[in-house]
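Novice: Could you have a look at this structure, given as structure tokens, before my questions?
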């Protein structure tokens, strides 16, 4: 007759199996934070930026170049007198052969300005040279009339009497005339000469066309040479 296994032993075995199964405890997995490796920064070369010069504003007043080419610029070693004389420059010309215009004269008319400084005294002269198709005369009756706006300036020629197709004379260009002409263009220029038989001849130069031309800003440009 088979012996029956006591119930208590069965329960004991069951308990041991339960303990073993529960003893295999699951070890909790510690979640480690992923440490991202710090990327080593590549050292950058310092780029030195060159400072660009600031561009000049267009509104700045830039003084215009002055065409001061001197015919003479010297100091007398004995008395210390300083003399400056500009080059001859064509201020007007006449190309028309119309006898009704300026007595049929053709040719050109040149100006030059001289400044004479002796001690504290300063004087200026306006020089004129004419090269024309007819013989003309500069004498004590000769003068230069300059019209600018409503103002008329008269410069009496004081040089010696000369005659011919190419003649030169001069007159005093006083301080008031220089001050005015430095800021105002010429509208009309009349040169008063003498012709054969002492007849007065007026040569008018103005900005009209290519046959009788006047350089209206001659004094504005040239007088700045003496500033």
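Novice: Quick one: in the range 174-219, of everything that is surrounded by 13 or more Cβ atoms within 10 Å (Cβ to Cβ) and assigned to a helix (DSSP H, G or I), which residue is farthest from the chain's Cα centre (by Cα)?
Specialist: 177
Novice: Just checking, which of 97, 75 is loosely packed, with under 15 Cβ neighbours inside 10 Å and touching a helix residue (DSSP H, G or I) at 6+ places or on another chain (Cβ under 9 Å)?
Specialist: Values: 75 fails: touching a helix residue (DSSP H, G or I) at 6+ places or on another chain (Cβ under 9 Å).
Sole residue among the options that is loosely packed, with under 15 Cβ neighbours inside 10 Å and touching a helix residue (DSSP H, G or I) at 6+ places or on another chain (Cβ under 9 Å): 97.
Novice: Follow-up question, since we're still on this one. When the residues of the range 177-201 are narrowed to those that are touching a residue at least 24 places away in the same chain (Cβ under 8 Å) and out of contact with any strand residue (DSSP E or B) (no Cβ under 9 Å at 6 or more places or on another chain), which ends up nearest to residue 141 (Cα to Cα)?
Specialist: 182
Novice: Can you tell me which residues in the range 151-173 are surrounded by fewer than 18 Cβ atoms within 10 Å (Cβ to Cβ) and either in a loop (DSSP other than H, G, I, E, B) or without any contact (Cβ under 8 Å) to a residue 12 or more places away in the chain (or both)?
Specialist: Hits for the range 151-173 are 152, 154, 158, 159, 160, 161.
Novice: Please go through (1) in contact with a helix residue (DSSP H, G or I) (Cβ under 9 Å, 6 or more places away or on another chain); (2) within 30 Å of residue 79 (Cα to Cα) for residue 205 and return the number of the only condition it doesn't satisfy.
Specialist: Result: residue 205 fails condition (2) only.
A short reminder: the numbers here are calculations on the coordinates, not readings from a lab. All figures in this text were calculated on a predicted structure; none of them were measured in a lab. Every residue, glycine as well, gets a Cβ built from its backbone with ideal geometry; the counts of neighbours run over all protein chains shown.
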